[in-house]
Amino acid sequence: MNQIKPGGWSGRGTPVEDPAQIRQAMQDLFQQEIEFPIKVEGTHTLPYTARVQHIDVPKAMLHLKLIRPLPHELAPGAVFEMIFSLGDQRFEAPTIFHGRESYLLYRFTIPARMAPSDRRRHKRYPFRPREKAYVIAQDGGIPGHGLSGPLVNLSLGGLAFRVDRVMRLDDHMRVTPGLGFFERGKSFPLLKIRDLPNLPVFDARGVLANACERDGEFIIGVQFGELKDSELQEIQAVLTIRDLMQRASSVTLGDSPKDTGPRSSAVENKGPAARLSPAGLETPDALRRLGRRCTRLLLAMPPGPDREALRQTLCAAGFLRTEAVDTPAQALAEFQADKHSACPLLMLEARPQEGPTRADIQALLEGLGQARELPVALIVREGEVPATEDPLIRPMPWPSAETPNWLPLLDELAGLVD
């Protein structure tokens, strides 16, 4: 059997070399069905997402199920690096490739050692709530939970976001979770990031890596699952923009004069929010008004006085880019004609007898494909519309100037709520 060279070890902390402890760690990975990345040691290639399928203790072998196949030309004896989390600790462990067992199932040695590692492998780029980048996560099918909130930071390996909303998917009821709800290793088979720079929607899946509570708010970190090369390029393009912005900001701050008198303060404060607010402050109301003016809203209703009155109400509330079509089918045709831009916020009138029905809305969303998502506001004149299973489809009262309780719901669907 090949022996792992001590010089190839890259973990931090004191390595654990007790075979019993290492076998127990592998058993925990197997029983908890934890997904973790593995990669060829010493390379910068894209990691492979793996899961322990079987442990052969007599032969000291792990059978790992991978999401995508290893190269056919990969020779037995190649040294891989496992990165996994158990409890509150992250570990790195070297393992040796021994061959293919069946489709996507490969044999590796049980690691001879593992060591704690808290290294951040990728630079993290912060996002502020007013930038509107938003995360939606789902921890399973129905019954399950949907989580959403603004993006806090992003890297090639994962993200962190503030959890503003948790709801049950079966009845759409909101849940107030404790810190124990955010258990390390929780899987998110559906993970979406909305409104990244030049990337309206990014789809992935991930695993909860950590969680913390700050002033009554929960911030959770999510490690991405397997990413395709195209998805990795999309994230890299976003982070390249952030890196250029940070460098430009650093240069500007470094070159600015140190005079703090009234004249210099007035000259330096020329950001968009300063122009909106007479006091030069980035007030939430000013930013929200700006967001409404920039939000494209499509109203799918038959022509007539009601539609025109509704358009005037929306424009008076600040949604100046309000357009109208006669039917949802026309809206779908318009979305499909322009496949490279973000979908607008769609408003539909929910009539008990005349529709559109949930099946109609689902067909509309499926027609867009998996790469684009569409926030939908179902407006009703009287009574209530039952909640749907999709967090982006929300019932709301008929918009009117006299009862503005509909406006916060519309802001939330448009991604304007911090």
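On full extension, the segment bounded by Leu104 and Leu156 gains 16.3 nm, given 0.36 nm per residue less the C-alpha separation. Modelled this way, with points 7 Å down the Cα-to-C-beta line, the labels at Glu231 and Asp203 are 1.0 nm from one another. How high is the relative contact order of segment 81-171? Use alpha-carbon pairs under 8 Å, at least six apart in sequence, and give a whole percent. Over segment 81-171, the number comes to 19 percent. Distance between the 7 Å Cα→Cβ label points at Thr403 and Leu74: 6.0 nm. Model label points for Gln27 and Leu320, set 7 angstrom from Cα along the Cα-to-Cβ axis, are 6.7 nm apart. Pairs from the list Lys39/Lys228; Lys132/Lys228; Lys65/Lys123 with a Cα-Cα gap above 20 Å: Lys132/Lys228; Lys65/Lys123.
Taking the average, over residues, of other Cβ atoms within 10 Å as the packing measure, peptides 176-189, 93-106 rank 93-106, 176-189 from highest down.
Please give the FRET efficiency for Arg168 paired with Asp195, using the beta carbon to beta carbon distance and R0 = 22 Å, rounded to the nearest 0.05. The value I calculate is 0.30. What the pair-distance distribution of segment 139-192 shows, using all Cα-Cα distances binned every 10 Å from zero, is 20, 59, 20, 1 percent. For segment 56-181, the solvent-accessible area of protein heavy atoms averages 46 Å² per residue (probe radius 1.4 Å; ligands and nucleic acids excluded).
The values are calculated or read from the model by the stated rules, or taken from the named source; none is laboratory data. Keep in mind it's a predicted model, so treat the numbers as computed, not measured. Heads up, the Cβs are rebuilt from the backbone with ideal geometry, glycines too, and the neighbour counts pull from every protein chain shown. The protein model used for the area step is the full one, side chains on, heavy atoms only, and it has no ligands, DNA or RNA in it. Shrake-Rupley method; radii C 1.70, N 1.55, O 1.52, S 1.80 Å.
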